[in-house]
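Participant: For reference, the structure I am asking about is given below.
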Amino acid sequence: MASIPALKTEQKTRPRASYQDLRDYLRIIDERGDLKRITGADPNVELGTIAELMAERSGPALLFDEIKNYRPGYRVAVNVTTPPRRTAIMLGVEPDQPLLGMVSEWRSRLKTFSAVPPEPVKQGPILENVALHDKVDLSQFPAPVWRDKDGGPYIGTGCCVITRDPDEGWCNLGSYRVQLHEPNLLGCYMSPGRHGLLIMEKYWSRGENAPVAVSLGHDPSLLFWAGSHVPHAGESEYDAAGWMKGKPVSVLPGPVTGIPIPAEAELVVEGEVPPPWKESREEGTYGEWTGYYGHPRAPEPVVHVKSVLYRDDPINYGALPPYSVSKPSITGSAETWDAIERAGFPDIRGVWIPTHSRGIVVVGITQRYGSHARQVGAFVAATAYMGRFVIVVDDDIDVTNLDEVMWAVGTRCDPMTCITLMDGMRSSALDPRLPPEKREKRDFTNSIAEIDACRPFNWRKTFPVVNKVSQEIRDAVEKKWADLFTSISR
Ligand SMILES: Cc1cc2nc3c(=O)[nH]c(=O)nc-3n(C[C@H](O)[C@H](O)[C@H](O)COP(=O)(O)O)c2cc1C
């Protein structure tokens with residue numbers, strides 16, 4: 001496997017994923033004018049509403065301080081790595097380029113993936129404050145009720161739940177939301193099959209409580225990997241973050257569980273999770289990445305907190321769905337693009353997943369043979385997760401520009417002959433459109449439409465010509481009249 005390319009830290013305008021920790025990342029985006037400090041917000045819905053309104057406008061990241069009822073300095077950062085320009089900085093790709101360039105750059109970076117295991121250290125800022133057992137009091141750290149329909153305060157939204165496999169010893173980091181029930185009791189929602197849950201189940205099957213550490217504020221690369229599918233099985237998210245950063249993540253053993261925790265984290269708790277059949281609490285509801293409240297309020301596992309470790313003036317990493325994730329757009333598009341090419345389809349020009357949910361995938365191709373578009377569309381549809389529409393367009397369409405994509409659908413697609421419906425595809429319990437009767441039977445499948453919005457291959461050469469000035473003339477005129485166009489966005 002190829003080695004990791006050297007990171008160019010000196011390029012100020014082109015930051016790589018070489019930020020030291022969350023504070024350093026925030027400094028980098030602050031220098032770009034992309035961070036706003038806010039004081040005096042009410043954690044009860046107001047803070048979350050500000051975050052939502054700002055995310056809708058693709059505004060700066062927000063750092064809330066002097067939050068009502070909390071000590072000054074006990075902060076919450078929100079909208080940290082979205083929209084794409086901040087995702088790019090988190091990933092370490094060029095932020096000042098077209099979206100498809102970010103996807104392409106991340107694709108080629110991923111090809112250099114190799115595990116970089118964490119480095120054990122003895123000291124780190126996370127040890128600045130340590131409270132054990134009956135000294136634990138989580139009520140001092142901001143736990144916003146993010147939205148008016150949320151079922152309670154959530155202290156962990158951009159968090160990393162760290163578990164250690166009792167048989168094999170490897171550590172898993174998964175991002176699973178964490179509700180604050182009491183000053184020393186948390187609730188956690190893990191979907192079936194999550195690695196963190198599978199590891200906990202191993203302890204439970206032996207009649208033991210599962211030890212756990214939860215990082216509530218940390219380097220954004222850790223959340224990215226905790227919320228992602230790690231490309232190589234059996235490797236920890238720590239290893240993936242180490243690769244992305246170009247150096248190992250520093251970890252030290254949690255004082256109660258011994259689980260490796262990030263030495264430069266902001267706020268970490270450790271505790272024990274009893275088997276849910278012995279103890280659980282009503283959890284939720286909480287707005288999810290699909291843009292809905294999909295999972296009903298229900299009994300879920302609890303964490304009895306035994307230690308809390310935090311830096312001076314800790315920052316809680318807030319991640320408000322659906323704006324919480326850098327995915328799927330840049331990284332999800334890159335993964336889908338790779339999968340299509342690995343399957344052997346030629347001349348893929350771009351892939352874009354335009355929404356926070358994964359319901360729509362747009363693929364751009366240069367058509368090479370009659371069934372090219374249909375095959376690519378069918379492949380993407382068949383391998384999608386919670387997909388609804390796969391749209392294949394010609395290479396003159398910018399897949400990241402929905403106006404252009406819809407124009408292609410509206411002018412090149414004959415619905416009777418160019419749309420294929422497939423049923424029984426992979427969906428999820430969080431799918432808002434899953435019919436109640438299917439949900440009852442735990443039949444988590446849906447249908448997908450594959451839409452061929454390319455010019456018909458056999459008469460593509462006689463298809464009406466697009467009435468745009470040709471590219472060379474456009475480029476020349478744009479250059480000559482640069483002053484006229486630079487300040488006007490497309
Ligand atoms: C910000 C964020 C919040 C998430 N919240 C949850 C959650 O509450 N429950 C859950 O099961 N998955 C949640 N996910 C998805 C998982 O973190 C994701 O599927 C991850 O790959 C799981 O890792 P694992 O396979 O190691 O369990 C969230 C992801 C992100 C990025």
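Laboratory data are not the source of any read-out in this text; all were calculated from the coordinates shown. The structure displayed is predicted, hence computed values, not measured ones. We place every Cβ from the backbone using ideal geometry, glycine too, and count neighbours over all the protein chains shown.
Participant: For Cα pairs less than 8 Å apart in space and 6+ apart in sequence, what is the mean separation divided by the residue count of the chain, i.e. the relative contact order in percent?
Facilitator: With pairs under 8 Å counted, the relative contact order is 14 percent.
Participant: Related question: Tell me, what is a quarter of the convex hull surface for the C-alpha atoms of the chain, in nm² with one decimal?
Facilitator: Reported value for the Cα convex hull: 25.2 nm².
Participant: Once you charge only the Cβ atoms, +1 for Lys and Arg and -1 for Asp and Glu, what is the size of the charge dipole of region 329-478 about its Cα centre, to the nearest 20 debye? Intermediate values should be presented prior to the final figure.
Facilitator: Details: 18 positive and 21 negative charges, 97 e Å.
That gives a dipole near 460 debye.
Participant: Of Phe457, Ser175, Met422, which is farthest along the charge dipole of the chain in the positive direction, counting Lys and Arg as +1 and Asp and Glu as -1 at C-beta?
Facilitator: Phe457
Participant: Cross-link partners among lysines for Lys479, C-alpha distance below 28 Å, same-chain residues fewer than 8 apart left out?
Facilitator: Leaving aside lysines fewer than 8 places away in the same chain, those within reach of Lys479 are Lys12, Lys468.
Participant: Run the helix sum for the chain: -39,500 (n - 2.57) per DSSP H stretch of 4+ residues, divided by residue count, reported at 222 nm to the nearest 500 deg cm²/dmol.
Facilitator: -7500 deg cm²/dmol
Participant: Kirkwood hydrodynamic radius for region 380-490: how many Å is it when counted over pairs of different Cα atoms? Can you show the working numbers first?
Facilitator: Numbers: mean 1/r = 0.0582 Å⁻¹.
Kirkwood hydrodynamic radius for region 380-490: 17.2 Å.
Participant: Rounded to the nearest 0.05, what FRET efficiency do Glu182 and Leu127 give with R0 = 35 Å and r taken as the Cβ-Cβ distance? Could you check?
Facilitator: 0.90
Participant: In Å, the Kirkwood hydrodynamic radius of region 223-338 over pairs of distinct alpha carbons?
Facilitator: Radius from the Kirkwood sum: 17.0 Å.
Participant: Between Gln20 and Phe444, take the C-beta separation as r, use R0 = 35 Å, and let me know the FRET efficiency to the nearest 0.05. Before the final figure, lay out each step's value.
Facilitator: Numbers: r = 41 Å, r/R0 = 1.17.
Efficiency, rounded to the nearest 0.05: 0.30.
Participant: Also, I was wondering about something else. Lys36 to Lys149: extension gain in nm, 0.36 nm per residue of separation minus the Cα-Cα distance?
Facilitator: 38.1 nm
Participant: Let me ask something else about it. Could you please state, rounded to a whole Å, how far the C-alpha centre of region 417-440 is from the C-alpha centre of region 185-231?
Facilitator: After rounding, the separation between the Cα centres reads 28 Å.
Participant: When the chain is fully extended, how far beyond the present Cα-Cα distance does Ser114 get from Asp167, taking 0.36 nm per residue of separation?
Facilitator: 16.7 nm
Participant: Which order results if Tyr317, Tyr19 are arranged by neighbouring Cβ count within 10 Å, fewest first?
Facilitator: If I rank by nearby Cβ atoms, fewest first, I get Tyr19, Tyr317.
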